[in-house]
Amino acid sequence: MSSVYRQDVDGLRALAILPVVLFHFFPTYVPGGFVGVDVFFVISGFLISKIIFEGLSTNNFQFSIFYLNRVRRIFPALLLVLVSSLVLGWFLLLPDELSLLGKHVFSGAFFVLNFALLQEAGYFDVSTELKPLMHLWSLAVEEQFYILYPLIIWLGFRLRRFRLLAMLCLSLLSLLACFLLVRDDPVSAFFLPHLRFWELLSGALLAYAQVFGFAGQKWQEGWKALAGNGMSAVGLGLIVLSFFIIDKQSVFPGWLTLLPVVGAVLVIAAGSTALPNRILLAHPLPVFVGLISYPLYLWHWPIITFARIAESGMPSREVRVALVVLSVVLAWLTFKLLETPLRKASLRARFLLVVMMIVCGGAGAVVWHADGFPARYEAEELRIAEAFSHPYPEVTVVPCATVIGEQFPSSFQCSLSSAAEPRLALIGDSHAGQYLHAFFDNFDTVPVMAVAEPTCLPFSSMQDKGDCQKQVDGLLHYLQSSSVDTIYLAGYWSYLMSGSFVQQGDRWRIAGPLTAESRSVFLKNGRHFLRSLSEAGKNVVLLRDIPDLDFDIRSCFVLRGRSSFASVRPDCSIEFDAYQERMKPFDAVMTELLLEFSEVRIYDPLPAFCHMGRCMAASDGYPYYFNGDHLNFHGAKRALIKLFESEVSR
């Protein structure tokens, strides 16, 4: 039994890739275009499983040939894109950006990028739009699936009675695990391979049914052709619907993922002679797009990402149209000049591709561990670049556990300035963490403890999620009976109140609006935190927040020799009145809270940055910030200079 080429499946590939490209280049046009990847998973599971089943059913399947065929299919275009990205990154990226790219080249070459991205995900993570190889996570998931899957199927064929049962059980377990985890940890649900395997297995089950006589050609007989037409129409409708009712705010991959997955299964199951498949998907244009869909997927994302980095923001509409055309041209050239000639590559050539991929991954690792080769830059450029890539000086810290032991919640990020019982404590989220080095530097003779935890500390509207409240209570219990006498509280207060971001750009973000519930929860948790410290006789100083920017701070400087790509921002500041207006509802909540605790001292760093109607993000050619809402060491010292002067005089 041999697989019959189906043009309509290539047409379905076109339906998957085009929304992905549109979503990345024109995000508002197709808000759920990213689910095209889920359609790809189903197609891949169907086609590859069909090859495996047909080989096993005729005793003609060999593991070595299977994996070498995967090498022939995947490696050529991937190698070209990885090497091209590394070369372009060498000339365009700053040291920290190139180092991260090197890490991703390494992870992409060895198909573990999904794990690398999961590890990076978090409060300080670089925007996904600025990671040129971010899209390779899906390729990693797919290849991880094919590492174990053929062996499982082979074992299933040895035990004929259980092969279908094994596939069904794996599919259901993966599906249930995904749906159960996605609400509490959507990032893990997105990247972990076993939580995505059910999508590939959906295509695999269809292939099983077709190879062993439960689907496929039977739909072409008599009245069943009508059912095939209906299945195709419904499937196409579900896929298209998913592109518009799913967006970045959706709980994904949740139950909505069933729309593109079930849709793809129905379209493929309908068969090549189903009317919509024959008329729409098998048309020469979508078939052509489907044939170049793999290299198009590989090329389009680095192209738009490098353009965003070069221009410090999303390029103009005209430039993006040109970049889409460039992506298609490169995809066609890759298909025509690289992939097609290598379809009949010898075993020796395939082994050579493996060696080349290992070398490419090794080159990425070298770039990664060389910190992006900062020597590429002139001294002045490097000085500014390091304000972003290494915003704080090296400092020796003592882990809290070595001094405090088990008295302290272990999940919090906790550091001591010396191996002595702390007298001062700096507590909050990353907006407290940005002051750590300045505190340790200023209070060099006083033991200081710094405790940071995003979204949780010092108190927030998100405190009821996970084990945050339990950890906060543990911290308060320690502080109440500890040697600490003065506690400084800092936070991204607007975000800690709202629990969301309403706007996000490249390296900047702005907190979302308050709701009645978030306001109430924040006040409740704030009262509990402050009352606990006050009753314990602790001195509390609350630091108001710094202005958060609505632009990429890096756009204020001539970097990466990119003056020909984008003009340098002439005014590296924001309007003071507009910022104050935006902060009004948050300031009102904080004022209401602090009116109940007159003993709490308040320090406002705003005057250090805002004067004459503007809030400055840089001065004398040097930045205060390293991203939209975090100060570097230079900015942190400026923010706290009046606080430190007042503390010395006390």
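What about Val395, is it in contact with a helix residue (DSSP H, G or I) (Cβ under 9 Å, 6 or more places away or on another chain), of a type outside the set (Asp, Glu), in a helix (DSSP H, G or I) and surrounded by fewer than 20 Cβ atoms within 10 Å (Cβ to Cβ)? Taking the combined requirement at face value, the residue does not satisfy it. Within this structure, Ser107 fails the test of being open to solvent by 10 Å² or more (accessible area, probe 1.4 Å) and within 28 Å of Trp301 (Cα to Cα).
Counting only helices (runs of 4 or more DSSP H) that fall entirely inside segment 147-236 and contain at least 3 residues that are modelled with pLDDT under 90, the qualifying elements are 163-181, 197-211.
Selection over segment 477-508 of residues that are under 21 Å from Ser520 (Cβ atoms), of a type in the set (A, V, I, L, M) and crowded, with 17+ Cβ neighbours inside 10 Å gives a count of 3. Leu291 satisfies every condition listed in (1) open to solvent by less than 30 Å² (accessible area, probe 1.4 Å); (2) within 30 Å of Asn229 (Cβ to Cβ) except (1).
Only one entry of Ala385, Ala375 meets the criterion of being open to solvent by less than 30 Å² (accessible area, probe 1.4 Å), assigned to a helix (DSSP H, G or I) and either small (Gly, Ala, Ser) or over 27 Å from Leu113 (Cβ atoms) (or both), and that entry is Ala385. Within segment 511-530, residues that are closer than 25 Å to Gly474 by Cβ sit with their Cβ atoms under 8 Å from residues that are open to solvent by 50 Å² or more (accessible area, probe 1.4 Å), at 6+ positions apart or across chains, in these pairs: Val521/Asp464; Leu523/Glu592; Arg527/Glu596; Leu530/Glu596. Set side by side, the residues Leu94, Leu82 differ, and just one is open to solvent by less than 10 Å² (accessible area, probe 1.4 Å) and under 17 Å from Gly362 (Cα atoms), which is Leu82. Here Ser415 fulfils each of the conditions (1) surrounded by fewer than 22 Cβ atoms within 10 Å (Cβ to Cβ); (2) more than 30 Å from the chain's Cα centre (by Cα); (3) part of a strand (DSSP E or B) apart from (2).
For every residue, the table says whether it meets (1) crowded, with 18+ Cβ neighbours inside 10 Å; (2) under 20 Å from the mean Cα position of the chain (by Cα).
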| site | (1), (2) |
| --- | --- |
| Val4 | no, no |
| His24 | yes, yes |
| Asn59 | no, no |
| Asn69 | no, no |
| Arg72 | yes, no |
| Trp90 | no, no |
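Take Phe408 and tell me if it is at pLDDT 95 or above and in contact with a Leu (Cβ under 8 Å, 6 or more places away or on another chain). Spelling it out, it is not the case that Phe408 is at pLDDT 95 or above and in contact with a Leu (Cβ under 8 Å, 6 or more places away or on another chain).
The values are calculated or read from the model by the stated rules, or taken from the named source; none is laboratory data. Since the model is a prediction, treat every value here as computed from it, not as a measurement. Quick reminder, even Gly has a Cβ in these numbers, built from the backbone with ideal geometry, and neighbours come from all protein chains shown. The area values use the complete protein model at the heavy-atom level, side chains included, leaving out ligands, DNA and RNA. Shrake-Rupley method; radii C 1.70, N 1.55, O 1.52, S 1.80 Å.
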